[in-house]
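Right, one structure below, let's go through it.
The values are calculated or read from the model by the stated rules, or taken from the named source; none is laboratory data. Just so you know, these numbers come straight off a predicted model, no measurement behind them. Neighbour counts run over all protein chains shown; Cβ positions are idealised from the backbone, glycine included.
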Amino acid sequence: MTIPKRIQELIGASLYTEDNIGMSGAGVRLYPDMVLKISPDDENARREAGVMGWLRGRLPVPEILADESEGGYRFLLMTRLPGLMLCDRTVVREPARLTGLLAEALEMVRSVDHTGCPYMADLDTELAIARRRVERGEVDTDNVDPATFGPGGFRDPEHLLSWLQKNRPSQELAFTHGDMCLPNIFTENGRIRGFIDLGGAGVADPYRDLAIARRSLHDNTDGCHGRACPGYDADALFEYLGIRPDREKIRYFTLLDELF
Ligand SMILES: Nc1ncnc2c1ncn2[C@@H]1O[C@H](COP(=O)(O)OP(=O)(O)OP(=O)(O)O)[C@@H](O)[C@H]1O
Ligand SMILES: [Mg+2]
């Protein structure tokens, strides 16, 4: 893979560290003040710079310095956000504070005025993308909740997709992040500093973010990403937000995410 010339000129000979936390096949190079995200040039990667541009002035997101496509890869050069990811050990070990920050993050995203937003991520849009992914065999069934597929669960991605098509909940529309998990949210000085990984962001039901945020809070406090706080109840998130959780929507959007 060759880095496009325009990007090479901007990064010069700066040293970088590599971040492999992502699961989408993207490689991320962390420079002192910049980040170069290299991804397969798919739908998500193609949207990311556009969504981030639209969000400037509406939500704290990195500034885009260059966005190039070459050799089947997308190269997104952006400013580096300061602060810590919400999945940082020092943040997770204080679960009440973490939950407050996550609630603040959800409220910031939800209150973005989506009037005129050209990026849709509602069920018509998402189920159509899910269908293409299922048909092309792109769903990674190794990277899902072990209970989703198999005995007591769905036979395969096709079975899950047809359940999702038949059981669509009513939708309320708001701006959503699309992958509202702890490593995509930064905090500094006790506040939310910014958001990254925005390729799937767009107008959708707010439970799209609530379901993923709840699952990520659970996975990082007492689940597959660490048990820093055994027994912590991730439903505390809904108390911070002052809403009564809609279990059916949480289940629906958590299952939909298994196809992405
Ligand atoms: N602008 C940025 N500022 C600071 N850190 C960043 C920035 N962009 C990416 N990172 C770091 O790189 C990691 C991966 O980036 P990102 O989440 O955009 O990639 P991804 O591969 O799509 O992730 P995933 O597969 O987890 O959704 C982040 O969790 C973060 O640690
Ligand atoms: Mg990420």
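Structure values in brief
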item	result
Whichever residue in region 107-136 is acidic (Asp, Glu) and in contact (Cβ under 8 Å) with a residue 40 or more places away in the chain and, among such residues, is nearest to ARG46 (Cα to Cα)	GLU126
Yes/no for ASP33 being free of Cβ contacts under 8 Å to residues at least 40 places away in the same chain, more than 17 Å from CYS181 (Cα to Cα) and out of contact with any helix residue (DSSP H, G or I) (no Cβ under 7 Å at 6 or more places or on another chain)	no
Entirely in region 163-210, the strands (runs of 3 or more DSSP E) that have 2 or more residues that are more than 13 Å from the chain's Cα centre (by Cα), in contact (Cβ under 8 Å) with a residue 40 or more places away in the chain and under 16 Å from VAL92 (Cα atoms)	185-188, 191-195
Qualifying positions in region 224-260 - without any contact (Cβ under 8 Å) to a residue 40 or more places away in the chain, buried (at least 16 other Cβ atoms within 10 Å of the Cβ) and not in a loop (DSSP other than H, G, I, E, B)	PHE238
PRO118 vs. criteria part of a loop (DSSP other than H, G, I, E, B) and either hydrophobic (A, V, I, L, M, F, W, C) or closer than 16 Å to ILE185 by Cα (or both)	no
Matching strands (runs of 3 or more DSSP E) fully within region 1-103 where at least 3 residues are within 12 Å of ligand 1 (Cβ to nearest atom)	17-19, 27-30, 34-40, 73-79
When residues of region 169-212 are limited to those that are of a type in the set (Gly, Ala, Ser) and away from ligand 1 (no atom under 15 Å from the Cβ), the one surrounded by the most Cβ atoms within 10 Å (Cβ to Cβ)	ALA204
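Residue by residue, here is whether (1) under 16 Å from LEU198 (Cβ atoms); (2) within 14 Å of ligand 2 (Cβ to nearest atom); (3) assigned by TED's automatic domain parsing to the domain that holds HIS177; (4) surrounded by fewer than 17 Cβ atoms within 10 Å (Cβ to Cβ) holds:
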residue	(1), (2), (3), (4)
GLU18	no, no, no, yes
MET34	no, no, no, no
LYS37	yes, yes, no, no
ARG47	yes, no, no, no
ALA66	no, no, no, no
SER69	no, no, no, yes
